[in-house]
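Every number here is computed from the coordinates shown, using simple stated rules; none is lab data. Since this is a predicted model, take the numbers as computed values, not measurements. Don't worry about glycine lacking a Cβ; one is built from the backbone with ideal geometry, like all the others, and counts go over all protein chains shown.
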Amino acid sequence: MDLIERYIYSVGRLLPGKNRRDIENELRSLIMDALDERTQGETPTEDDIIAVLKELGEPSRIARNYLQDGGYIIGPRFYSLYMLVIKIALAATAFGLCVAFAVEAIGNGVVPLDFLKLAGQIFLAMFSCVGVVTVTFALTERLNPNIQEELTNETQSWNPKDLPGIPDNHEKVKASEQTLALIFTVAFFVLINFFPQLFGFFIGEKGRFITLIDLIVLKDYLPFINVLFGLSLVGTILLLAEGRYRGLTFALEIIGSLGAMILAIFMLSGPVMVDVSLIDSPELKATLSKVLGWVYRGILVMAALASATEAVRLGNRWLKSSGRNVDIFQKHL
């Protein structure tokens, strides 16, 4: 019966969450009925199970049959996740633009023409987000060796014994955690690329908004930040799509963690990305420059330590998921 559960799991992870449980139950019932008919009520053998599963077909084909909305722009494995990311990206972009508009309106006032300008900015930003997300998903799907292997096998004889096992504790992925990580990743990308001026605070009786990010310094680091963002996004997409860690996703996350650690170290040795030049009061400017400088460096130190710790933790999980013990590995060093 393990083959049946592996088969149902392989189909279910390609389906939308809202329908997955019902379809899994329906598929399980269909398989059991087919086995009863084949064995005439006797206990099915492994050969009987393999024969029935072969008749049903490769899991990705079954998943496509249940996806009747025709959403194959990205592919059945990624389509539901693709739509989720699109919604998150569009919501984050619209929200960020509206907040930026409100901040500017509070500081400088607003005229009716500004609302038309805002609508145009929202449309262009959303259009850009859809393009970035679509390209990311398309590349992720086509560069993933597991996906390519399944596509190749569609034209060949498929054997249920080739089904992947259900993930163990070291390979398991919590969809809720990855979805939350996806939301924060997209929101951070939108903020740091399009609205860095929102990192600041209101000051004075009139509520003037002061931006604290040095945009010139940020510009130097932004390409590296975006590379790390891309690695994180691709890794999260793969984890949500496959429902488990694999060698590729372990490698992507470890590289991303090490990259974040290295970037934090470089930023510690570089100019402080805090700008207090817009503050009028010399006393407040001197105090904030000193305090925010220490806060900035403290955040970078914590980020470097957290990234290094995460890289070690992921490496340990990777070794355990591969059936190797960390102690044995250390003895061979």
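Okay, here's what the table says:
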read-out	value
Efficiency of FRET from Cβ geometry, L222 and S289, R₀ 22 Å, rounded to 0.05	0.45
Interchain or long-range residues, amide H under 5 Å from D275's placed H	I213, D214
Burial order of peptide ranges 250-258, 216-224, 302-310 (average beta-carbon count within 10 Å, highest first)	250-258, 302-310, 216-224
